[in-house]
Structure formats: C-alpha cells, structure tokens
Amino acid sequence: MEGEIDHRSTRRDFVHGELHRRDLDPDPFRQLAAWLEAAEKAGNFDPTAMALATADAHGQPSLRYVLLKHFDDRGLCWYTDSRSRKGQDLAVNPRAALVFYWPEVDRQVRIEGRTEMLPESTAEDYFRQRPLRSRLAASASEQSQPIADRASLEARVASLAARYPDGSVPRNPAWRGYRLVPARFEFWQGRRDRLHDRFAYQRQEESDAWQIQRLMP
C-alpha cells in the first residue's frame with residue numbers, strides 16, 4: 001500500500017440516548033438482557049454478536065466475534081471448537097473479555113472475567129438443535145487449522161454427509177461450550193460532544209454483590 005489512509009476527520013455525534021444511575025438495574029445480567037432486547041427492537045440484525053478477546057500463555061492477544069447463545073446469573077455462553085485459536089488460548093489462560101456494540105442505539109457493553117467449559121452434555125444438547133448443514137460444517141472442520149483450498153473443505157463436508165445420510169452426524173468431542181463468569185461489566189451510552197455515560201459493575205468477592213460506579217468518558 002502506498003500512502004496513508006487518513007480517517008482523522010471521520011466522525012459522528014452520538015444522539016440516541018443517555019444513561020443515568022437511576023436507569024440501571026442492580027443486577028447487570030438483567031441490565032444486559034434489557035439492552036439486548038432494545039438493540040433487537042432498534043433493528044440490529046445481529047444483536048447477540050460479541051467480540052471475544054483471549055490471550056495465549058505469552059500474553060499475545062487475539063480477538064474475534066462469536067455469538068451469545070444463552071446466559072443467566074452464572075455467566076454468558078457460546079460454542080466453538082476447542083482446537084481453535086481461542087480454544088487453545090483459553091486452555092492456558094482462562095481470563096477473557098467480551099464486547100457488544102449496537103450502533104443503532106449508541107451502546108456498548110464490556111464484560112471481563114474467567115471462563116469455564118460447559119459440560120459435554122450441554123454441548124451435545126445444543127449441537128443437536130443446530131441445522132444439519134451447521135452440524136456437518138462443525139464436524140468436518142478442524143477450526144483454525146490450515147487447509148489446501150475451499151474444494152478440500154467442501155469435500156470433507158460432502159464425505160460426512162454421505163456417511164450419515166439420515167442426518168445423524170456426530171458431534172466431534174472437541175466441539176464444546178464455554179461460559180464467561182463475569183467479574184466486571186461496563187455499560188456505555190454514547191452522548192453528544194464525547195461526554196458519554198459509563199457505568200461499571202464490579203463484583204465484590206466478599207459478598208458476591210455488585211458495586212456500581214460512574215466512570216468519566
């Protein structure tokens with residue numbers, strides 16, 4: 001590439017809302033549920049998409065999007081191949097972070113904590129709910145590993161489909177579910193002139209309660 005791509009003048013103001021302490025639910029999981037619903041109603045076509053940040057044993061970070069599949073007061077859950085880069089990272093460093101961003105309402109949610117693997121039975125139950133072609137793709141792929149070309153990948157899927165014509169393709173044991181157990185949430189509401197509203201929920205280890213604190217933008 002020749003020359004610099006300059007976006008220093010690319011900006012917009014944030015005009016969709018404001019956030020006050022009185023607006024916040026004492027429970028960050030209920031607050032997250034409310035914001036997820038609001039994002040969907042505002043027209044976000046992928047409201048459960050969340051950026052997942054991990055780091056390997058040397059501290060090298062990596063980032064990608066995954067889809068939130070379910071959550072409760074124990075944490076937020078997604079599914080992936082444990083042989084993937086994120087799976088390898090989490091095997092040696094279970095600390096991770098998530099970010100949701102919904103531009104339709106000028107909102108972000110940041111979540112930090114430790115991860116744990118869900119029981120195999122939970123992964124099996126969800127795998128069985130997925131469409132057949134998604135199950136075939138998950139079983140055929142050794143996620144993040146090199147492959148010669150697209151044709152080779154499609155051949156692996158076709159081979160599996162031929163082997164299981166009734167659709168009973170088995171889940172690879174490496175395909176698992178993960179849960180992030182939050183220690184911290186941050187809810188961010190964009191405001192005009194960069195005076196954004198930010199509130200952090202911090203879990204108090206001694207009581208397991210959540211302390212809420214406004215942060216400067």
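Please state which of the following conditions residue 47 fails to meet, knowing it meets all the rest: (1) open to solvent by 60 Å² or more (accessible area, probe 1.4 Å); (2) closer than 29 Å to residue 141 by Cα; (3) within 16 Å of the chain's Cα centre (by Cα).
So the condition that residue 47 fails would be (1).
Pairs under 9 Å by beta carbon, first residue within 15 Å of residue 107 (Cβ to Cβ) and touching a residue at least 60 places away in the same chain (Cβ under 8 Å) in the range 1-16, partner among the hydrophobic types (A, V, I, L, M, F, W, C) and in a loop (DSSP other than H, G, I, E, B), six or more apart or different chains?
Within 9 Å, the pairs are 16/42; 16/105.
Restricting attention to the range 90-121, which residues are of a type outside the set (A, V, I, L, M), open to solvent by less than 10 Å² (accessible area, probe 1.4 Å) and either in a loop (DSSP other than H, G, I, E, B) or out of contact with any Leu (no Cβ under 9 Å at 6 or more places or on another chain) (or both)?
106
Specify which of the listed residues (162, 148, 200) is without any contact (Cβ under 8 Å) to a residue 60 or more places away in the chain and under 26 Å from residue 68 (Cβ atoms).
On the way: 162 fails: under 26 Å from residue 68 (Cβ atoms); 148 fails: under 26 Å from residue 68 (Cβ atoms).
From the options 162, 148, 200, the qualifying one is 200.
Considering each residue of the range 42-76, count those that are under 17 Å from residue 134 (Cβ atoms) and in a strand (DSSP E or B), and give that number.
Kept after step one, since they are under 17 Å from residue 134 (Cβ atoms), are these residues of the range 42-76: 46, 48-49, 65-70.
Cutting the leftovers down to in a strand (DSSP E or B) gives us 49, 65-67, 70.
Qualifying residue count for the region: 5.
Scan the range 184-205 and tell me whether some residue there is open to solvent by 50 Å² or more (accessible area, probe 1.4 Å), over 24 Å from residue 42 (Cβ atoms), at pLDDT below 95 and outside any strand (DSSP E or B).
Yes, the conditions are met somewhere in the range 184-205.
How do the pairs read when you match residues in the range 74-88 that are without any contact (Cβ under 8 Å) to a residue 60 or more places away in the chain with residues anywhere that are in a strand (DSSP E or B) and among the small types (Gly, Ala, Ser), using Cβ under 6 Å and keeping only pairs 6 or more apart or on different chains?
85/62
Okay, residues lined up against (1) closer than 25 Å to residue 171 by Cα; (2) of a type in the set (Gly, Ala, Ser); (3) open to solvent by 50 Å² or more (accessible area, probe 1.4 Å); (4) under 16 Å from the mean Cα position of the chain (by Cα):
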{"residue": "9", "(1), (2), (3), (4)": "no, yes, yes, no"}
{"residue": "21", "(1), (2), (3), (4)": "no, no, yes, no"}
{"residue": "25", "(1), (2), (3), (4)": "no, no, no, no"}
{"residue": "29", "(1), (2), (3), (4)": "no, no, no, yes"}
{"residue": "56", "(1), (2), (3), (4)": "no, no, no, no"}
{"residue": "67", "(1), (2), (3), (4)": "yes, no, yes, yes"}
{"residue": "75", "(1), (2), (3), (4)": "yes, yes, no, yes"}
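Exactly one of (1) in a loop (DSSP other than H, G, I, E, B); (2) within 21 Å of the chain's Cα centre (by Cα); (3) of a type outside the set (Ser, Thr, Tyr) is unmet by residue 173. Its number?
Among (1) in a loop (DSSP other than H, G, I, E, B); (2) within 21 Å of the chain's Cα centre (by Cα); (3) of a type outside the set (Ser, Thr, Tyr), residue 173 violates only (2).
Look through the range 122-145, keep the residues that are among the acidic types (Asp, Glu) and touching a residue at least 12 places away in the same chain (Cβ under 8 Å), and return whichever of them is surrounded by the fewest Cβ atoms within 10 Å (Cβ to Cβ). Quick ask: steps written out before the conclusion?
Just the residues of the range 122-145 that are among the acidic types (Asp, Glu), to begin with: 124-125, 142.
After this cut, where a residue has to be touching a residue at least 12 places away in the same chain (Cβ under 8 Å) as well, the list is 124, 142.
Numbers: 124: 15, 142: 13.
Among residues in the range 122-145 that are among the acidic types (Asp, Glu) and touching a residue at least 12 places away in the same chain (Cβ under 8 Å), the one surrounded by the fewest Cβ atoms within 10 Å (Cβ to Cβ) is 142.
The values are calculated or read from the model by the stated rules, or taken from the named source; none is laboratory data. Treat the numbers as computed from the prediction; the structure is a model and nothing was measured. Glycine gets a Cβ as well: all are built from the backbone with ideal geometry, and neighbour counts include every protein chain shown. Quick note on the areas: whole protein, heavy atoms, side chains included, nothing else; ligands and nucleic acids left out. Shrake-Rupley method; radii C 1.70, N 1.55, O 1.52, S 1.80 Å.
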